[in-house]
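What follows is a set of notes on a single structure, which appears directly below.
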Amino acid sequence: MNIKSVLESLMFAWGEPLSINEISKILNMPAHSITFTLDEMISEFNDDEDRGLIIQKFGDSYQLTTKKDNYEYIQNLLETTVNKSLSTAAMETLSIIAYKQPVTKVEIERIRGVKCSQVVKGLIDKGLIKEVGRLDKPGRPVIFATTDEFLRHFGLSSIGELPNIGDIQDDKGTGELSS
Amino acid sequence: MNYSVNINVFQGPFELLFHLIEKKEIDIYDIPISEITDQYLEYLEEMMQFNMNVASEFIFMAATLIEIKSQLLLPKKEKEEDPRQELVAKLLEYKMFKDVSEELKKYEDESSFYFSKPREEMALTSDTNTEQISLNEINVYELYNVYLTLIKKQNFKIEQEEKFKLYRENYRVKDCMEDIAKKIRKYGKVSLFNTFKEKESISKEYIVTLFLAILELSNNKGMKIYQDNIFGDIIITSQERK
């Protein structure tokens, strides 16, 4: 079995981000050796200028995507579709969840100063956030966290790659703040 | 009065307050509450004039502003906190996430330059695979499709019916339901194909009536309808199988 060849085929057929656990189960190989091989493949793909595909890492998942350099040509080929970017309300809510996760809806509403039920539901439907349990407090409120789809949507390989709040604040000149 | 265009853009009271503060180039740590309150209320009035639904959050913020304003008018005791402090802290926290969300937006835009393709679907061709369809998943169209298959594949003779003549109905849904129920009681399960084959020639009316009967039965929670493979026979049985 040529492991790299198999991995490439798997990622092509799956299309969406494919998790290490899934691959590990299929190939009956330990996760760490697959991770090692995939990380090797990432640099091989990305360094090869003749290739039109790259491998991207989102959390514990890997996905074949096209190269950014080729965007213009792909755009000419494809029909234009509706802009799939998120609304301001959705973006604000998502930011709070991303940085404060796991977080309750009440906390999100306290920060935004508006009701968020609809927005939260919308984000769940889009697969960007999910319920991750309940808080051990009166009323046992549901707590929310971001998903791997969130990472993919924003092109992040892990939550740790989120922009640093301090840096953003410095850029905007809003001054020193604690989170 | 041309700022009304912007009004519905505000996501909530915090965003509106920030807009006012930025417009007046006010120091956020020393907000002139009296001035800001007046302006805030002016906006609310504008919103109401345009018959917009002013959300309760906006009203609540107005009340908070007025409360702070009145507190500031009272003589200050020593060690007492600045009544504006809590509001400012909230405003700053909101602003922080607003900035972050704008930054994240850039990430979103950036990731839209990469294309991927949807997952492949593997067609299920093997008929050894037993597929059980639960009652909830069965709908009229599936039953209709089976009806079509029956007519095509099993080569049932369908009597030619004369046009524009009304007949008394020969079969009744109720009777068919009872028939099926009786068979289930007797044999434990009923095969749809066999039920059709029982008659030498069957009319469209009978087929339709039988299907209606099955649909009626499917409402009955005790019944289970399943199919071993696609386009295969439909088995009706009672839920509690031994």
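Derivation of every value follows stated rules applied to the coordinates shown; laboratory data play no part. Please read all numbers here as calculations on a predicted model, not as lab measurements. Every residue, glycine as well, gets a Cβ built from its backbone with ideal geometry; the counts of neighbours run over all protein chains shown.
Descriptive notes on the structure:
- In the range A:90-179, GluC sites (Glu not before Pro) in a DSSP loop with at most 15 other beta-carbon atoms within 10 Å: A:E176
- Phi-based couplings in Hz for the range B:112-122 (Karplus 6.51, -1.76, 1.60; Gly and Pro marked x): 6, 7, 9, 10, 9, 10, x, 5, 6, 10, 8
- Dipole-positive endmost among A:I42, A:T65, A:S24 within the range A:3-66 (Cβ charges, Cα centre): A:S24
- Cα gyration tensor category, rounded, prolate or oblate, for the range A:3-66 with a/c compared to 1.5: prolate
- Net charge dipole, the range A:72-167: roughly 580 debye, given to the nearest 20, about the Cα centre with Cβ charges of +1 for Lys and Arg and -1 for Asp and Glu.
- For the set A:K130/B:K95; A:K121/B:K90; B:K69/B:K106; A:K126/B:K90, the pairs lying more than 31 angstrom apart at their alpha carbons are B:K69/B:K106.
- Packing, taken as the mean count of other beta carbons within 10 Å per residue, orders the peptides B:20-32, A:55-67 from highest to lowest as A:55-67, B:20-32.
- Each residue of the range B:182-194 was assigned a 3J(HN,Hα) from its phi angle through the Karplus expression (A = 6.51, B = -1.76, C = 1.60, θ = phi - 60°), giving 4, 5, 5, 4, 7, 9, x, 8, 10, 8, 5, 4, 5 Hz with x at Gly and Pro.
- Ellipticity at 222 nm from helices only: DSSP H runs of n ≥ 4 in chain A, each -39500 (n - 2.57), divided by the residue count, give -14500 deg cm²/dmol.
- Partner lysines for B:K224 [C-alpha distance under 21 Å; skip if fewer than 8 residues away on the same chain]: B:K174, B:K182, B:K183, B:K186, B:K189, B:K242
- Cα gyration tensor, chain A - rounded (a/c under 1.5), prolate or oblate: prolate
- Packing rank of A:133-142, B:180-189, where each peptide gets the mean count of other beta carbons within 10 Å, highest leading: B:180-189, A:133-142
- Three-way shape label, the range B:86-125, alpha-carbon gyration tensor, a/c 1.5: oblate
- Note on the protein assembly as shown: with charges restricted to the Cβ of Lys and Arg (+1) and Asp and Glu (-1), its dipole about the Cα centre is near 2900 debye.
- Amide hydrogen neighbours beyond the local backbone of B:K117, cut-off 5 Å, H modeled: none
- Other-chain or far-sequence residues with amide H under 5 Å of B:M223's (modelled H): B:Q239
- Per-residue shielding of B:87-99, expressed as the average number of other chain Cβ atoms within 10 Å of the residue Cβ, stands at 6.
- Considering only B:S191, B:I59, B:M47, the residue lying farthest towards the positive end of the dipole of the protein assembly as shown is B:S191, judged by Cα position with unit charges set on Cβ.
- Take each residue in A:61-71, count the other chain C-beta atoms within 10 Å of its C-beta, and the mean is 3.
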